[in-house]
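**Student:** Structure provided below as structure tokens; questions to follow.
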Amino acid sequence: MAHPYDALTADAMRDGGSWKWSTPGVDAHGRGLIGAFVAEMDFPPAPAVAEAVRASVDANHFGYLADAWVAEMATACAAFWADRFGWAPDPDRIRPLPDVLTGLTATIRHFTPPGSPVLLPTPAYMPFLRVPGMLDRELVRVPMAHDKADEPADGDWSLDLDALDAAFSTSGAGLLVLVNPHNPTGRVLRAEELAGITEVVERHGARVFADEIHAPLTFDGRVHRPYAASSAAAAAHTVTATSASKAWNLPGLKCGQLILSNADDAARWTEVGYLSEHGTATPGVLASTAAYAHGRGWLDDVLTYLDGNRALLAGADLPGIEVTVPEGTYLAWLDATALGLEEPPSAYFTREAGVVMTDGAACGGLGGMRLNLAMARPVLADALERVAAASAVIRR
Ligand SMILES: Cc1ncc(COP(=O)(O)O)c(C=O)c1O
């Protein structure tokens, strides 16, 4: 049955003017470009979210954040996490952030030994490759393990625990950046994988920054498992960051949440957290509260729609491209290494297919591309057909 999102056309998205759809030009065949790179969805907002933003305008809520609004957001966030993921963080330890990136910056600055390197499994969310260096910290990339699959498959990417262990040993890193559900491979980690990570981190007396921004976006009955909730040791060494911005599509409203899971970190945050919290937008806090408290029906409908898009990708025949269908997130990893292109694959497919994807090199994953599936299904079908045709030309 048709869904209202099916009617969202590429032309309408281009007219909308968001970054995702504003790459200028046409492809080699004169077709308009399809924006499939930055991680946001093409769908209109949840009614509860739109209403909260409208109400904030009507009530002139453009002032600095009141403690009561922060407390309401923390309570709504904790209740959502408890219902959805079986972990109820203490609302007093859920603090506002402008975004998750600020959470990483603050964690490196305030919760790791001065000068200590930062471990990052790759491929990774692009800015995470740059943030440690900007804070004068060494970035240590740890490639994820990957079983090459003949058929489109999910679940074939995993953290390489031996490599992480060795990287901690040789670098003396103080922090592991753990993104789950994972951008860009779409992995949703199992309980035993989380336990394995804890063992390695504890062995080295290190900390974890758990980026769980994609937590509500899981498929096929998989449930997100908050890392800090996985054991007492994990709670003691973890700083978690999340946001309603991915699941409810409000990244421009600038609001995230830092979740502290031990008393020492909570006490330290009261000393050092002020500057990090300061950029949080008041309308973003009000909208995030509405999303967590009243946006569940909308979210479930979006998840069903995204699942249909995943099925479309799983059934697509993209010659020479290895597809990882995501277990979570709306981002899919396409490995185009076998095509043997002499240019970055995203450049080739932007020019020849008119589909703008994130190049794997920006994620630390050469030869790959990150495709955003969160678009109208007919537009995705068009995008996949174009990619298939452009890859078939090479394979011929
Ligand atoms: C894993 C991950 N972390 C962080 C972010 C950025 O979030 P924010 O805008 O809250 O910094 C993204 C955005 O795509 C992401 O995918």
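Read the figures in this text as sums done on the coordinates, not as results from a lab. Owing to the predicted nature of the structure, the values given are computational and were not obtained by experimental measurement. FYI the Cβ positions are ideal-geometry reconstructions off the backbone, even for glycines, and counts take in every protein chain you see.
**Student:** Show me, for the range 355-369, the HN-Hα J-couplings you get by feeding each phi into the Karplus relation (A = 6.51, B = -1.76, C = 1.60, θ = phi - 60°), rounded to Hz, glycine and proline as x.
**Tutor:** 10, 8, 10, 7, 6, x, 4, 5, 9, x, x, 3, x, x, 9
**Student:** Further, regarding this structure: What's the ranking of 205-211, 89-95 by average number of surrounding C-beta atoms within 10 Å, highest first?
**Tutor:** Ranking the peptides 205-211, 89-95 by packing returns 205-211, 89-95.
**Student:** A further question follows. Let's test the formula: R0 of 22 Å, r as the Cβ-Cβ distance of Ala232 and Arg190. What FRET efficiency results, to the nearest 0.05?
**Tutor:** Here the calculated transfer efficiency is 0.70.
**Student:** Name the most mobile residue of Pro44, Pro98, Pro184, meaning the one with the largest mean-square fluctuation, in a Gaussian network model of the chain with Cα contacts below 10 Å.
**Tutor:** Of Pro44, Pro98, Pro184, the Gaussian network model singles out Pro44 as fluctuating most.
**Student:** Still on this model: Can you give the local net charge around Leu373? Use residues other than it whose beta-carbon is closer than 11 angstrom to its beta-carbon, Lys and Arg +1, Asp and Glu -1. Before the final figure, lay out each step's value.
**Tutor:** On the way: positive: Arg310, Arg370, Arg377; negative: Asp42, Asp307.
Around Leu373, the charge tally is +1.
**Student:** For the range 190-257, with only Lys/Arg (+1) and Asp/Glu (-1) charged at the beta-carbon, what is the dipole magnitude about the Cα centre, in debye rounded to 20?
**Tutor:** That gives a dipole near 220 debye.
**Student:** On to the next question. What net charge do the residues around His3 carry, taking every other residue with its C-beta under 15 Å from that of His3, with Lys and Arg at +1 and Asp and Glu at -1?
**Tutor:** -3
**Student:** Stretched out fully, how many nm does the piece from Ala28 to Asp92 gain, at 0.36 nm a residue minus the Cα gap?
**Tutor:** Numbers: separation 64, 0.36 × 64 = 23.04 nm, distance 5.46 nm.
Contour length minus Cα-Cα distance gives 17.6 nm.
**Student:** So what is the calculated 222 nm ellipticity per residue for the chain, using -39500 (n - 2.57) for each DSSP H run with n of 4 or more, over all residues, to the nearest 500 deg cm²/dmol?
**Tutor:** Using -39500 (n - 2.57) per qualifying helix, the result is -12500 deg cm²/dmol.
**Student:** Of the options Phe168, Ala383, Ala52, report the single residue whose Cα projects farthest towards the positive end of the charge dipole of the chain (beta-carbon charges: Lys, Arg +1; Asp, Glu -1).
**Tutor:** Toward the positive end, the furthest listed residue is Ala52.
**Student:** Please state the charge dipole magnitude for the chain, taken about the Cα centre, from unit charges on C-beta atoms (+1 on K and R, -1 on D and E), reported in debye and rounded to the nearest 20.
**Tutor:** 520
**Student:** Obtain the nm distance between the two label points defined at Arg296 and Ala314 by a simple spin-label model: each point lies 7 Å from its Cα along the Cα-to-C-beta direction.
**Tutor:** 2.6
**Student:** Along the Cα→Cβ direction, 7 angstrom out, place labels at Thr337 and Ala79. What is the inter-label distance in nm?
**Tutor:** 4.8
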